[in-house]
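What follows is one structure encoded as structure tokens, with my remarks underneath.
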Amino acid sequence: MLEIKDIYKSFGKTEVLKGVDITIDKGDVVVILGPSGSGKTTLLRCINFLEKADKGHALFGDIEVNLKTASKKQIHKIRQRVAFVFQNYSLFNNKTALENVTEGLVIGRKIPKAKAVEIGKKSLDKVGLSDKYDAYPSELSGGQQQRVGIARAVSLNPDIILFDEPTSALDPELVGEVLTVMKNIAQEGTTMLVVTHEMSFAKDVANKVIFMDGGVVVEEGTPKDIFVHPKKERTQQFLKRVLPEDFTYHI
Ligand code: ADP
Ligand code: MG
């Protein structure tokens, strides 16, 4: 469903991605782990053309594109299939929750306003915000704002949703509500590629875990492969550093 082949990206002299390959099947929940600066955000941004790769190909279902030279038309087509959830929510502050969700449907997808409102309400219901249609971002908690961000992604009915550390800007007590929403949409069969430091989410929800470091995929496998039997020393060291003391893996 999504195959990324040999992505390279540098910023000036800094080589950030050095030949990354990733394969995602329909219904997969793939979690990317890795230290800060390892290129995770850049990878997601290249997949969605928020950043232009220096080299690389992507196969989105039946569409193959060159990530460096893709035409505007191709980019538009891919963006119809891929949604993005940002670390900092990226909501319009002067629009209500519902307007934030319907904006992309009306402007990007050319869906008639009334239909967009119907889809938008359904999407907000799904993330538990039925009572917040008319609230502005400033009237919402961080957790609620991120749930609007997720509703916006879901409303587009994409083939895949990319999440870039969706809970890392949140106060700890608000992380759970966002992870619960993500778990629910995963259980509905949504294909997801999630960069996160939430190890319990990786363990419980992902069917594939990728460990990235220094712009390459160091190791990938099932959560059990990575958390119980990591093969590479770099993976072992990273996990030793980040896993909570009480982290246990039950099969
Ligand atoms: P991660 O998300 O894994 O923390 P990033 O992809 O954000 O890593 O960043 C990887 C490296 O690329 C970092 O060294 C960062 O400073 C650099 N980088 C990211 N975006 C830019 C940019 N727009 N301009 C220059 N350097 C960047
Ligand atoms: Mg990042």
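Counting just the residues of the range 87-105 that are under 24 Å from F60 (Cβ atoms) and either of a type in the set (V, I, T) or out of contact with any strand residue (DSSP E or B) (no Cβ under 6 Å at 6 or more places or on another chain) (or both), which one comes out nearest to ligand 2 (Cβ to nearest atom)?
Out of the qualifying residues, it is S90.
Within the range 129-143, restricting attention to residues that are crowded, with 16+ Cβ neighbours inside 10 Å and under 21 Å from Q187 (Cβ atoms), which residue is nearest to the chain's Cα centre (by Cα)?
G143
Quick check on I150: is it closer than 19 Å to L33 by Cβ, away from ligand 2 (no atom under 16 Å from the Cβ) and at pLDDT 95 or above?
No; evaluated as a whole, the condition is false for this residue.
Check off (1) farther than 25 Å from L50 by Cα; (2) touching a residue at least 40 places away in the same chain (Cβ under 8 Å); (3) part of a loop (DSSP other than H, G, I, E, B) for L129 and give me the number that stays unchecked.
(2)
Just give me the residues in the range 1-48 being within 10 Å of ligand 1 (Cβ to nearest atom), more than 18 Å from F211 (Cβ to Cβ) and in a strand (DSSP E or B), in sequence order.
Correct list: K9, S10, F11, T14, E15.
Can you report the number of residues in the range 53-66 which are at pLDDT 95 or above and assigned to a loop (DSSP other than H, G, I, E, B)?
Counting residues in the range 53-66 that are at pLDDT 95 or above and assigned to a loop (DSSP other than H, G, I, E, B) gives 2.
Hey, can you tell me all the residues within the range 45-69 that are without any contact (Cβ under 8 Å) to a residue 40 or more places away in the chain and more than 25 Å from K13 (Cβ to Cβ)?
Result: D62, I63, E64, V65.
Provide a single number: the residues in the range 179-218 that are more than 13 Å from the chain's Cα centre (by Cα) and among the β-branched types (V, I, T).
8
Write out, first by first residue and then by second, each pair whose Cβ atoms fall under 9 Å of each other, whose residues are 6+ apart or on separate chains, and whose first residue, in the range 187-199, is in contact (Cβ under 8 Å) with a residue 12 or more places away in the chain and of a type in the set (D, E) while the second is in a strand (DSSP E or B) and within 16 Å of ligand 1 (Cβ to nearest atom).
Final answer for the pair search is E198/V31.
Does G39 satisfy being on the phi > 0 side of the Ramachandran plot, within 14 Å of ligand 2 (Cβ to nearest atom) and touching a strand residue (DSSP E or B) at 6+ places or on another chain (Cβ under 8 Å)?
Numbers: on the phi > 0 side of the Ramachandran plot: yes; within 14 Å of ligand 2 (Cβ to nearest atom): yes; touching a strand residue (DSSP E or B) at 6+ places or on another chain (Cβ under 8 Å): yes.
In short, yes.
What tally of residues in the range 97-126 results from selecting those that are in a loop (DSSP other than H, G, I, E, B) and either under 20 Å from the mean Cα position of the chain (by Cα) or at pLDDT 95 or above (or both)?
Qualifying residue count, the range 97-126: 2.
For the range 173-210, enumerate the residues that are in contact with a Gly (Cβ under 6 Å, 6 or more places away or on another chain), in a helix (DSSP H, G or I) and surrounded by fewer than 21 Cβ atoms within 10 Å (Cβ to Cβ).
L174, E177
Return yes when A202 is under 12 Å from V31 (Cα atoms), among the small types (G, A, S) and either in contact with a strand residue (DSSP E or B) (Cβ under 8 Å, 6 or more places away or on another chain) or modelled with pLDDT under 95 (or both) and no when it is not.
In short, yes.
The values are calculated or read from the model by the stated rules, or taken from the named source; none is laboratory data. Computed from a prediction, not measured in an experiment: that's the story for all the values here. Every residue, glycine as well, gets a Cβ built from its backbone with ideal geometry; the counts of neighbours run over all protein chains shown.
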